[in-house]
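The values are calculated or read from the model by the stated rules, or taken from the named source; none is laboratory data. Only a predicted model underlies this, so the values are computations on that prediction, with no experimental measurement involved. Each accessible area value is taken on the protein alone, full model and side chains, heavy atoms only, with ligands, DNA and RNA left out. Shrake-Rupley method; radii C 1.70, N 1.55, O 1.52, S 1.80 Å.
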Amino acid sequence: MSNLEKMHTGDLYLPDDPEIEVQQKHYLDQLYDYNHTRPSEPEKQQALLQEMFAEIGPNCYLEPPFHANMGAHHVHFGANVYANFNLTMVDDTHIYIGDHTMIGPNVTLATAGHPIWPSLREQNYQYNMPVHIGRNCWLGASVVVLPGVTVGDNVVIGAGSIVTKDLPDNVVAVGNPCHVLRTVGEHDREYYFKDRKIDPALFNED
């Protein structure tokens, strides 16, 4: 099996392979072009996103600059995904993000890891595990999601959290390491920030 194939199997492989490097430079050239678009060029931005991503749904937007090891070639976005400035996607293998998810500034989603054993790191061995972020999530500023993690639907992750393990649906999670603080409940339907109440007329599902 080639190093290019091992990128998606979880096996140890050598990323400094000429076959990988040729592809990576092409993807990073496209990423460079996106990061140098102007805010007044939305059509150009959308066209580049369609070329760069493995999949991207309608009404997605990433504030430039954003960063991706493989230029987002292994990234799958649903519809209506928004990412604020300086999103970093270590997309050596696949990253999946569901519809209506919001990503704060300076977030990192990492699929790549390296062996703990020193002599293997000296040889540049690497492994990759996919990351899955569910539908309608909100990742606060500077959240870090580590390789192999799955985050459920309707999850809010507090700013600065480091997510090392899977998170279930419908929770608020915080901390380093990130842990479930509580479930999303009726209080959240009544208040949006401290003592600030939500106007019931805003709910369109009732």
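Could you tell me which of rounded, prolate or oblate describes region 103-206, using a ≥ b ≥ c as the square roots of the eigenvalues of the alpha-carbon gyration tensor, with rounded for a/c under 1.5 and, failing that, prolate when a/b is larger than b/c and oblate otherwise? It is prolate, given that a/c is not under 1.5 and a/b is the larger ratio.
If you model region 85-137 as an ellipsoid using its alpha carbon gyration tensor, with each semi-axis the square root of five times an eigenvalue, the axes come out at 28, 12, 7 Å, biggest first.
Calculate how many DSSP beta bridges within the chain are antiparallel, expressed in % of all such bridges and rounded to the nearest 5. So the antiparallel bridges in the chain amount to around 25 percent. By accessible area, using a 1.4 Å probe on protein heavy atoms only, the chain has 54% of its surface on carbon and sulfur. Sequentially through region 5-13, phi angles give Karplus couplings (6.51, -1.76, 1.60; θ = phi - 60°) of 6, 5, 4, 10, 10, x, 6, 5, 8 Hz, Gly and Pro residues having no value and appearing as x.
Return the calculated 222 nm mean residue ellipticity for the chain, to the nearest 500 deg cm²/dmol, obtained by summing -39500 (n - 2.57) across DSSP H runs with n ≥ 4 and dividing by the residue count.
Working: 5 runs with 43 residues, N = 206.
Value at 222 nm, helices only, nearest 500: -6000 deg cm²/dmol.
Exposure check, 1.4 Å probe, all protein chains in place: Ser2 carries approximately 40 Å² of accessible surface. P(r) for region 51-117, from all Cα pairs and a bin width of 10 Å, is 22, 58, 16, 4, 0 %, short bins first. Across region 57-63, coupling constants 3J(HN,Hα) worked out from phi with the 6.51/-1.76/1.60 Karplus curve, θ = phi - 60°, read x, x, 6, 9, 8, 10, 5 Hz, and Gly and Pro carry x. The candidates Asp11, Asp188, Asp91, Asp195, arranged from most to least accessible area with a 1.4 Å probe in the full protein assembly, appear as Asp195, Asp11, Asp188, Asp91. Bridging of Lys44 to lysines at a Cα separation below 23 Å is possible for Lys25, once same-chain residues fewer than 8 apart are set aside. Based on alpha-carbon centroids, what's the gap between region 115-159 and region 1-34 in Å, whole number please? So the two Cα centres are separated by 19 Å. Computed over the chain, the convex hull of the alpha-carbon atoms projects to a mean area of 13.3 nm².
Among Lys44, Lys6, the order of accessible area from largest down is Lys44, Lys6, computed with a 1.4 Å probe on protein heavy atoms.
Here Lys194 is the anchor, and no aspartates and glutamates lie within straight C-alpha reach of less than 12 Å, apart from those fewer than 8 places off in the same chain.
These residues, Trp117, Trp138, go from largest to smallest accessible area, 1.4 Å probe, as Trp117, Trp138.
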